[in-house]
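The values are calculated or read from the model by the stated rules, or taken from the named source; none is laboratory data. All values reported here derive from a predicted model rather than from experimental measurement. So basically every Cβ, Gly included, is an ideal-geometry build from the backbone, and we count neighbours across all protein chains shown. Each accessible area value is taken on the protein alone, full model and side chains, heavy atoms only, with ligands, DNA and RNA left out. Shrake-Rupley method; radii C 1.70, N 1.55, O 1.52, S 1.80 Å.
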Amino acid sequence: MSNTSYKLKMPDLMEAVFDTGYLLFDLIAGIVFLSAAKGNSLYVLYGILTLTLCGGDAFHLVPRVIRAVKGSSEKIEHMLGRGLQISSITMTAFYVILLYIWKLTFPGLQAPVAVEALIWISAIIRIAICMLPQNHWCTEEGNMRLSVIRNGVFAITGIGVIILYAISGNAGGYHMTRMVAAILISFGCYLPVTLFSKKKPMVGILMIPKTCAYMWIIIMGLQLL
């Protein structure tokens, strides 16, 4: 049952505002990309990327906003756990889409076969692991062993995408080396949270720069419009 004596605290209110602002930013950016695309495949793909990010994270962040405002309940905790699973899958798809955004941004460059295979194989493995019921997404304990494995595989996906944007450098004057920095920041903040936040809740504050890093990735796309 919900905690009827729950009182909204300032940190909870700030979290709710931040999460809501982030989701609205993604939603509006996605609409802008698709509206301005006019048949341009790159901008259409950026729109899909942004809405994938927004839709997937909404499954996780909306329950967090509700919990922050109204307090926790068994239903909210279940929604939060399932949302974590869904957002883990959509975030993996996010990096696969970034692979194809790289291809469209730099048509004169060829992605190394090994790197492209690395991204695809690691992404498929991670999604398969995320689907396993042994993850215990909806329990407080979760499954630390599977968490380490799935996030280790996820890091490999991210490394593959980083390699691509490092290869392209500043080709075309797009300055997409910033994408390398954004991905490094996102993983540098995300991995400690997933591995240590249950025992050390304060680590969870790293989700703020991680979220800002994803917004930065979207802003890079908007600057291409």
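Values as computed for the structure displayed
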{"quantity": "Residue ID - nearest to TYR165 (Cα to Cα), chosen from residues in the range 177-211 that are open to solvent by 60 Å² or more (accessible area, probe 1.4 Å) and assigned to a helix (DSSP H, G or I)", "calculated": "ARG178"}
{"quantity": "Residue count, the range 121-146 (criterion: surrounded by 14 or more Cβ atoms within 10 Å (Cβ to Cβ), over 20 Å from the mean Cα position of the chain (by Cα) and among the hydroxyl-bearing types (Ser, Thr, Tyr))", "calculated": "0"}
{"quantity": "Filter result for the condition that a residue is in contact with a Gly (Cβ under 8 Å, 6 or more places away or on another chain) and either in contact (Cβ under 8 Å) with a residue 60 or more places away in the chain or within 30 Å of ILE167 (Cβ to Cβ) (or both), over LEU51, LEU42, LEU104, LEU98", "calculated": "LEU51"}
{"quantity": "Positions within the range 147-171 being small (Gly, Ala, Ser) and within 17 Å of the chain's Cα centre (by Cα), in sequence order", "calculated": "SER147, GLY152, ALA155, GLY158, GLY160"}
{"quantity": "Scope the range 160-176; condition open to solvent by 40 Å² or more (accessible area, probe 1.4 Å) and either polar (S, T, N, Q) or without any contact (Cβ under 8 Å) to a residue 12 or more places away in the chain (or both); matching residues", "calculated": "ASN170, GLY173, HIS175"}
{"quantity": "Criterion: over 30 Å from ILE76 (Cα atoms) and within 15 Å of the chain's Cα centre (by Cα) - qualifying residue of LEU98, LEU118", "calculated": "LEU98"}
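Yes or no, residue by residue, for (1) basic (Lys, Arg); (2) modelled with pLDDT of 90 or more:
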residue	(1), (2)
ASN3	no, no
LYS7	yes, no
PRO11	no, no
GLU15	no, yes
THR20	no, yes
ASP26	no, yes
ALA29	no, yes
ALA36	no, yes
ASN40	no, yes
